[in-house]
Every structure is written in C-alpha cells, then in structure tokens.
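Just so it is clear, none of the values below were taken in a lab; they were calculated from the coordinates. Everything numeric here is computed off the predicted structure, so don't read it as measured data. FYI the Cβ positions are ideal-geometry reconstructions off the backbone, even for glycines, and counts take in every protein chain you see.
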Amino acid sequence: MTELDQSLDPSVNPSAVFEHKHTIDRDCTTLPRHVLQQLQSFSPEAQDLSAIMNRVALAAKLIARRLTRAGLMEDALGFTGRTNVQGEAVKKMDIYANQVFISSFEQSGLVCRLASEEMDRPYYIPENCPLGRYTLLYDPIDGSSNLDININVGSIFAVRKQEGDDIDRTAQDLLQDGRGQIAAGYVLYGPSTVLVYSIGKGVHAFTLDPSLGEFILSHENIRVPDHGPVYSVNEGNFWQWDESIRDYTRYVHRHEGYTARYGGALVGDFHRILFQGGVFLYPGTTKQPEGKLRLLYESAPLAYLIEQAGGRASTGAQEILDVVADKLHMRTPLVIGSKDDVALVESFIENGRRQALISPKAGN
Ligand code: AHG
Ligand code: MN
Ligand code: MN
C-alpha cells in the first residue's frame, strides 16, 4: 500500500471517513431532503411540501437547460407576437417556461391550480384534487427583456393552500393577503442556476450542480444586512415619479456610501440585495400609478422571503404581506430590502404625503 492509499483507507486513517462523509453529506443536501429536515417531520404535509419543491426544482432545471443553449436553438428566443393579459409583449421563453411549470405539476397529485402572470385565469388540474389542495402562483420568466441578450433572468413562485372547492373556477380564495403563503422562492438563471426558498423557517439557497443534475444546499439561513449601499431603481422613470421618490433619489445622490445597481430583472436585483443589503424599488409612475410589479406572482413571494431573512417589503405605505389582492393580476408599488433602507424610502413618501396635505400641489 502506498502512503496515499493508506491516507485514504479508513481502516488505516479513520479521519478519512470523516472527510469523505463531510463532503458527501454536503453534496447530498438536496432540496426535498432539506424541506423535510426543516419541518423535522415526515407528516403528509411535510411530504407534500418536499414533493412540491422537488417539482419546482424540476421545472427550474428544464428552463435552465433551455436557456443555456437558447442562442443555438431555433425558436427559443424572440417574441411570439402576442400580448398577455397585462398588455405586455410575450416572448417564446415566457410561454415555454409557463408550460414547463404546468407539465411539472400535471399528474403529480400535488397542486389543483396554477396561476401565472402569463395566463388570464388559473390552470386547473382536477385529477390532482382533492389530493393536492395547493395552488402554485408563479412568474415563469422574470426579466424577459434580458432574454435575447443573454443576461440573467429568473422565475418566482409561491405556494398557497386552496380554500374551498372553487367549483365556479373564479379562484376567489386567492384574493387574500400574503400571510397565507406557505412557501415562496425564486430561481436565478445566472452564471450558476440558484434556487432560493423559504417555508417559513429561514431563507436558503441551493446551487444547481450540472454534473449531478441536482440543486445542492449552498447558503443556509441567509440574513439580509440591516443596511446596504445599493439602491436599485429604474431612474429612467424619474420624471414620472412622485416628488417624494425624486427626493429620495436626490438624497442618495448627495450622500456618500450609496451606489446604484439595476439589472432589468427583479430576481437578479433582489438576489444582490438579499446577500449584500440595500433596497430595490419600483414605485408608481404617471403611466402606471401602481407600478409594474404583480402582487401575487412577484411582490408577495419576495416579501415573504425578505421578511424571513430579516428585511422588509412595503408599498411605501403598507407592508406588502398585508396587501389584499383585489384581482389576480393586481400590481403594487414595491420597496424591498434592508430594514433601514426601506424605512428611509418610506420616510420620504410619508413626508411627501404630509406636504401634500399642507399644500395639495406640492406632491406633483
Ligand atoms: P417580467 O419580465 O416578468 O414582466 O418582469 C419584469 C419586471 C422586473 O423583472 C424588472 O424589475 C422590471 O420589470 C423592469 O422594468 P423596467 O424595464 O420598467 O425597469
Ligand atoms: Mn417579473
Ligand atoms: Mn414574467
């Protein structure tokens, strides 16, 4: 036996067992296993959540695979020529990713309905009911404008329990606040594909290991710093904002310690802030007074995550998780990130509101 053989042989070198075990354990913390560990249970509900996350991971892997080769494929990129229920131009990848989530959950026995920003009404899977009384809400591709130039995009999702039978298929029970979400997360298709999720027990990130085809735990219990240098907002809308948001941006321009980052995909901008602190905002504009982001598919899932990570999400005047949806595709202004930075934006908005009460023309 050579010296190397001896050092690797557990019967000669017991620490070899530990080293191998350590590496294998780390590589084996897959998403479904992590969910069960988090819940410390094999109850039917824990098994359901674990299986749902596994299906989300499958959808993410299929989308990531297509994105990786999209530039070489016919018909993967570009527009479809159609607009969605919100009047936005639909891309081929939006449709593909939307369908991938549906296919991943069909015949799964897991969810009864899927609601997505790319579908006017929820997609029902009656054969999964009443076994899987859950609903998946999702934004299949977030940051679609980045698709054709090979910059990061994402997917966002949330899971809610279905209430009632929804026999008339109006999905009224989805018109609630965000506190009813039982899981939420996103997938970032960047240099690595990263899946970040919470089931109400902290926020955890998994990185796709392409050689294994598995998401492996890479960051556990992520905490967002109370303050960070980044402010992330589309300043091209400056003259369409309320004066209070203009005042906030003037403040960060004039004070040291702030830097701007804006990538055109909420998931990417949010991911930076989750790890490094700061604030992302998409305020209302003159054209879109409620902003651009959708409550049920974008703002509420990310609000759930940021609260779990010790940060905050607000419309500027109300916690995002307290906003009750008035329709499926409702939009809300969004201010999300580090506690102190969200509070700073809110203080400008509150100040603007008070000024407007004193002299009604000041806010315009
Ligand atoms: P989507 O691609 O799902 O429609 O979302 C795009 C959103 C969000 O990802 C991003 O932060 C924002 O739109 C960018 O909008 P602007 O181009 O108006 O800045
Ligand atoms: Mn989006
Ligand atoms: Mn989208």
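Numbers at a glance
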read-out	value
Most to least packed among 234-245, 72-83 [average Cβ atoms within 10 Å]	234-245, 72-83
For the chain, cysteines whose Cβ has no other cysteine Cβ within reach (under 4.7 Å)	Cys28
Sequence-separation-based contact order of segment 237-364, relative, with Cα cut under 8 Å and 6+ spacing, percent	30
Whole-number percent relative contact order across the chain, with pairs defined as alpha carbons under 8 Å at least 6 apart	14
Segments 300-310, 89-99 sorted - mean Cβ within 10 Å per residue, highest first	300-310, 89-99
Length-normalised contact order of segment 217-268 in % [C-alpha pairs under 8 Å, at least 6 apart]	49
Using distinct alpha-carbon pairs, which all enter the 1/r mean, Kirkwood radius of the chain in Å	21.7
Loop sites in segment 106-158: chymotrypsin sites (Phe, Trp or Tyr not before Pro), DSSP, at most 16 other Cβ within 10 Å	none
